[in-house]
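Novice: Below you'll find the structure I mean.
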Amino acid sequence: MSIDEELWEISLRSLRVTLTALLIASIIAIPLGTYLAVQRFRCRRFVISIINALMGLPPVVVGLVVYIMLSRSGPFGVLNLLFTPTAMIIAQVIIITPVIASIAHQSMRELWAEYHDLLISLNTSKWQRILTLIHDGRRNLLTAALAGFGRAIGEVGAIMIVGGNIDHVSRVLTTAIALETGKGDFVLAMGLGFVLIGISILVNLAIHTLTRTEREGRW
Amino acid sequence: MTAAFPLILSGVQVRRQGKTVLGPVDLTLSANGTTIIVGPNGSGKTTLLRVMHGIERIRVGGVVWENDDPAKHAFVFQTPIMLRRTVAENLAYPLMLLKTPKDQIDLAVDHWLGRIGLDSSRGGQATRLSGGERQKLAIARALIRKPDVLFLDEPSANLDGHATREIEALLHEVANAGTRLVMATHDMGQARRLANDVVFLLNGRVHEYGPVEPLFTTPSTLELMAFLRGDIVS
Amino acid sequence: MNRALIILITVFCAQVSIADVMRVAVTTSFENSGLADVLLPAIKDDLDLDVQLLVVGTGQALRLGEAGDVDAILVHSKAAEEAFVAAGHGTHRREIMYNDFVVVGPKSDGAGAGAAANAADALGRIVAADRAPFVSRGDDSGTHKAELAIWTLAGIDIADLGLRYQSVGAGMGAALNTAVGLNAYVFSDRASWLNFGNKGGLVLLYQGDPALFNQYAYLPINPSKNSHIRNDLAIQLEGWLTSQKASTLIDDYQIAGEKLFTFNASSP
């Protein structure tokens with residue numbers, strides 16, 4: 001495989017792992033964050049504090065825990081998921097869900113404060129409230145998702161452990177950079193780094209353009 | 001369509017942070033017309049309205065509707081709450097909640113946009129409207145589900161004369177068409193213009209309640225007399 | 001439309017391969033040598049076997065073997081390997097090849113390590129001169145253990161060295177980077193050093209002492225650990241690694257005109 005083909009392969013794999021993790025994490029985090037904003041229950045403040053605290057989880061620790069879970073000698077060993085991109089996706093979902101949930105919760109809370117009286121007056125159900133908030137607050141939710149993306153695309157500790165950085169199987173941009181840095185090939189590592197930054201900028205720009213379109217009322 | 005009345009409040013009290021904000025209040029509202037609630041700032045007008053609508057938690061006492069169907073009330077807040085959507089979408093929202101078919105929604109939205117004169121702004125963001133336009137939109141949105149009762153909390157408090165006139169005209173039409181209005185206001189002239197009967201609230205208690213003209217020309221309490229004179233009453 | 005969607009999803013999620021696949025944990029020093037890039041394609045050609053390499057430190061390789069997450073390991077730490085087999089984690093230990101360790105340091109070589117009589121002497125001189133520090137991997141790897149063995153030979157207790165001894169707790173590449181940054185002496189395997197792209201002001205100073213020979217061994221993991229372990233493939237690979245073909249490939253492998261490994265597998 002030529003260098004270009006290899007670069008293409010690991011870049012696509014990076015995107016595949018991170019975007020899949022982002023999708024799954026958002027599906028969990030956004031309704032969760034919104035629900036926490038509208039529903040009052042006894043341990044609500046505790047749950048919110050836990051989620052905020054989980055944002056500070058060191059990714060390497062998450063990687064270790066996921067490794068122990070997925071190891072053949074571990075509880076989920078039968079699934080044979082270790083050292084595959086799927087394991088990497090699992091680890092990244094665990095890492096970024098609290099981030100997205102926390103930011104989503106923050107903006108949903110503000111929006112709920114704004115809409116509160118009106119939605120109660122209109123006799124909306126809990127579910128209708130959540131859907132309305134998510135719909136009207138979608139720009140801020142996109143920002144939350146972007147934050148999750150940023151965390152995931154640059155992550156290396158967890159996916160190194162659970163993915164194994166296996167050539168042609170689980171090697172992505174960040175783990176490749178770590179490998180080349182360790183070998184002392186700084187030039188290649190920097191090059192890969194620029195590709196990573198480039199991808200990140202592209203994704204951010206794409207999201208930014210989408211939200212700006214919405215502001216003109218075309219959504 | 002006012003089978004929901006009479007509305008009976010008995011011994012209603014609302015407390016906030018240890019202070020009694022409203023009550024005890026005993027009040028029976030009849031089936032027809034427009035009731036205006038007046039009183040100085042902090043007398044509990046907003047709280048009373050919210051209690052009647054059912055969005056305020058009552059500590060003591062009860063609110064009894066003859067035939068309560070919460071979907072048949074609507075509320076217009078002092079500062080209109082605009083959804084972060086277009087004008088037309090704001091209007092359509094209450095109907096969407098009821099899963100009304102789309103063509104019916106479009107008809108209703110077109111009708112009301114014309115009536116409040118916002119047809120040209122239908123595709124713009126509601127948050128970009130002026131204060132008067134927002135309030136008109138809020139009233140139209142409240143009326144789009146054809147409620148039996150419309151509660152309004154000082155709807156023209158922050159508006160200029162022109163906008164106030166437009167709103168009063170709209171409310172006049174609406175009242176004539178049979179909708180029961182219960183409205184708080186600061187503007188004594190407005191009260192006189194629109195009311196059938198008036199509630200005078202002071203320090204969270206009903207001081208006087210009765211048909212508009214006798215109340216204004218011959219108030220029975222000293223406080224109301226002072227209030228009508230323009231004194232600060234507390 | 002639906003068909004296209006299904007095909008897209010399948011391609012996206014596909015982890016299907018036709019050839020046999022096995023996982024081998026190898027050390028970073030083996031990976032750094034680049035020998036894998038020569039051996040793996042040959043293995044694929046001859047055995048139709050996809051060997052997935054997990055490049056980790058010796059300690060982690062042994063741990064992975066213990067957990068049964070790999071099918072075999074290739075490491076260079078005899079004492080640890082024998083303990084591994086004794087504990088029942090590996091079926092046996094098969095020597096494949098050896099390379100050697102070298103002492104690398106600043107070009108100026110203020111300590112005169114280059115002129116030492118043997119490896120222990122070289123380290124002794126570095127400590128005595130106290131001109132430049134010594135960087136150690138400090139990660140319990142095969143290389144680290146070999147380094148510690150030389151200190152023991154020299155009769156020096158590293159605990160007494162204080163700041164003259166910098167333990168980084170990392171792989172060979174990271175340790176070399178640190179040594180370059182500090183202009184320090186460092187104990188490295190020859191392959192990693194030759195392949196290292198950031199040599200800076202350091203050069204190879206001392207080599208050749210037999211105490212520096214580094215034996216690589218291949219250990220298949222005990223299949224009784226779990227049902228996923230491909231012991232059959234591990235034995236197949238062992239056969240290949242000890243074959244004539246492997247012998248030629250290994251002995252012929254060079255970096256910058258220098259031979260790196262010496263094949264020394266004998267019949268089992």
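Novice: Over chain C, what relative contact order in percent results from Cα pairs under 8 Å that are six or more residues apart?
Specialist: Across chain C, relative contact order equals 27 percent.
Novice: Something else about it: So which lysines can A:LYS126 reach, going by Cα to Cα under 20 Å and dropping same-chain residues fewer than 8 places off?
Specialist: B:LYS72, B:LYS99
Novice: Can you give me the relative contact order of the range B:14-172 as a percent, contacts being Cα pairs under 8 Å and 6 or more apart?
Specialist: It comes to 27 percent, rounded to a whole number.
Novice: When all alpha-carbon pairs of the range A:3-215 are counted, what percent fall beyond 22 Å?
Specialist: Result for the distance tail: 56 percent.
Novice: Report, by chain and number, residues whose modeled amide H sits under 5 Å from the one on B:MET183, excluding near sequence neighbours (fewer than 5 apart, same chain).
Specialist: Sorted by chain and number, the residues that satisfy this are B:THR35, B:ILE36, B:ILE37, B:LEU152.
Novice: Okay, next question. Would you look at the GNM of chain A, springs on alpha carbons closer than 10 Å, and say which of A:ASN52, A:ASN140, A:ASN123 moves the most?
Specialist: Ranking A:ASN52, A:ASN140, A:ASN123 by mean-square fluctuation puts A:ASN123 first.
Novice: Using amide H atoms built 1.01 Å from N in the peptide plane, name the residues 5+ places from C:VAL203, or on other chains, whose amide H lies under 5 Å from its own.
Specialist: C:GLY105, C:LYS107
Novice: Taking each residue of C:170-177 in turn, how many C-beta atoms of other protein chains fall within 10 Å of its C-beta, and what is the average?
Specialist: Average per residue, whole number: 4.
Novice: Okay, moving on. Can you work out the Karplus-derived ³J(HN,Hα) for every residue in the range B:159-173? Use 6.51 cos²θ - 1.76 cosθ + 1.60 with θ = phi - 60°, whole Hz, and x for glycine or proline.
Specialist: With the stated coefficients, the range B:159-173 comes to 10, 7, x, 4, 5, 4, 4, 4, 5, 4, 4, 4, 5, 4, 4 Hz.
Novice: Quick check: the distance between the Cα centres of the range A:1-58 and the range B:177-211, to the nearest angstrom?
Specialist: A separation of 54 Å, based on Cα centres.
Novice: Pop out the ³J(HN,Hα) list for the range A:37-42 in order, Karplus 6.51 cos²θ - 1.76 cosθ + 1.60 with θ = phi - 60°, rounded to Hz; leave Gly and Pro as x.
Specialist: With coefficients 6.51, -1.76 and 1.60, one gets 6, 9, 9, 9, 8, 4 Hz.
Novice: Here's something else I'd like to know. Mind running the shape call on the protein assembly as shown? Use the C-alpha gyration tensor, a ≥ b ≥ c as the square roots of the eigenvalues: rounded below 1.5 for a/c, prolate if a/b tops b/c, oblate otherwise.
Specialist: It comes out prolate by the Cα gyration axes.
Novice: Using a 10 Å cut-off around each Cβ of peptide C:64-71, what is the average number of partner chain Cβ atoms that fall inside?
Specialist: Mean partner shielding for this stretch: 4.
Novice: The range C:99-212: Rg/Rh from Cα coordinates, Kirkwood Rh?
Specialist: Dividing the radius of gyration by the Kirkwood radius yields 0.90.
Novice: Taking beta carbons within 10 Å but only from partner chains, what does the mean come to for residues C:49-55?
Specialist: 4
Novice: When the dipole is taken about the Cα centre of chain C, and only Lys, Arg (+1) and Asp, Glu (-1) are charged at their Cβ, what size is it in debye, to the nearest 20?
Specialist: Rounded to the nearest 20 debye, it is 420 debye.
Novice: Running a GNM on chain A with Cα contacts under 10 Å, which residue among A:ALA176, A:ALA101, A:ALA206 ends up with the highest mean-square fluctuation?
Specialist: Greatest mean-square fluctuation among the candidates belongs to A:ALA206.
Novice: Using 1/(1 + (r/R0)^6) with R0 = 45 angstrom and r between the beta carbons of A:GLU110 and B:ASN32, what's the FRET efficiency to the nearest 0.05?
Specialist: So the FRET efficiency works out to roughly 0.60.
Novice: Let me ask another. Quick one: grab the alpha carbon gyration tensor of the range B:68-118, order the square roots of its eigenvalues as a ≥ b ≥ c, and give me rounded if a/c is under 1.5, else prolate or oblate depending on whether a/b is larger than b/c.
Specialist: Note, shape of the range B:68-118 comes out oblate.
Novice: For the range B:144-195, just say rounded, prolate or oblate: build the C-alpha gyration tensor, square-root its eigenvalues into a ≥ b ≥ c, call rounded for a/c under 1.5, and beyond that prolate if a/b exceeds b/c, oblate if not.
Specialist: Judged from the Cα gyration tensor, the range B:144-195 comes out prolate (a/c at least 1.5, a/b above b/c).
Novice: I would also like to ask the following. In a Gaussian network model over chain A where Cα atoms closer than 10 Å are linked, find which of A:ILE159, A:ILE90, A:ILE207 has the largest mean-square fluctuation.
Specialist: Looking only at A:ILE159, A:ILE90, A:ILE207, the biggest GNM fluctuation is shown by A:ILE207.
Novice: Amide H neighbours of B:VAL206 under 5 Å, at least 5 residues apart or on other chains, H built in the peptide plane: list them.
Specialist: B:ASP26
Novice: So what is log10(I(q)/I(0)) for chain B at q = 0.08 1/Å, when the Debye sum runs over its Cα atoms only?
Specialist: -0.30
Novice: What value, in deg cm²/dmol to 500, does the helix sum -39500 (n - 2.57) over DSSP H runs of n ≥ 4 give at 222 nm once divided by the residues of the protein assembly as shown?
Specialist: -16000 deg cm²/dmol
Novice: Sticking with the crude label model, points 7 Å out along Cα→Cβ, report the distance from B:ALA226 to A:LEU23 in nm, one decimal please.
Specialist: So the label points at B:ALA226 and A:LEU23 sit 7.1 nm apart.
Novice: Quick one: if you take sqrt(5λ) for each eigenvalue of the C-alpha gyration tensor of chain C, what semi-axes come out, biggest first, whole angstrom?
Specialist: Semi-axes (√(5λ), whole Å): 37, 21, 18.
Novice: Let me ask something additional. What does DSSP give for chain C in terms of the percent of beta bridges that are antiparallel, rounded to the nearest 5?
Specialist: So the antiparallel bridges amount to about 60 percent of the total.
Novice: Sticking with this structure for a sec: Run through the DSSP bridge list for chain B and note the antiparallel percent, rounded to the nearest 5.
Specialist: The antiparallel fraction comes to roughly 55 percent.
Novice: Give me a comma-separated list of calculated 3J(HN,Hα) values for the range C:86-103, in order, Karplus coefficients 6.51, -1.76, 1.60 applied at θ = phi - 60°, integers in Hz, x for any Gly or Pro.
Specialist: Karplus values, whole Hz, x for Gly and Pro: 4, 6, x, 6, x, 6, 6, 10, 10, 6, 10, 7, 9, 10, 9, 9, 9, 9.
Quick note: the coordinates plus some simple rules give every number you see, no bench work behind them. These numbers come from a predicted model, not from an experiment. We place every Cβ from the backbone using ideal geometry, glycine too, and count neighbours over all the protein chains shown.
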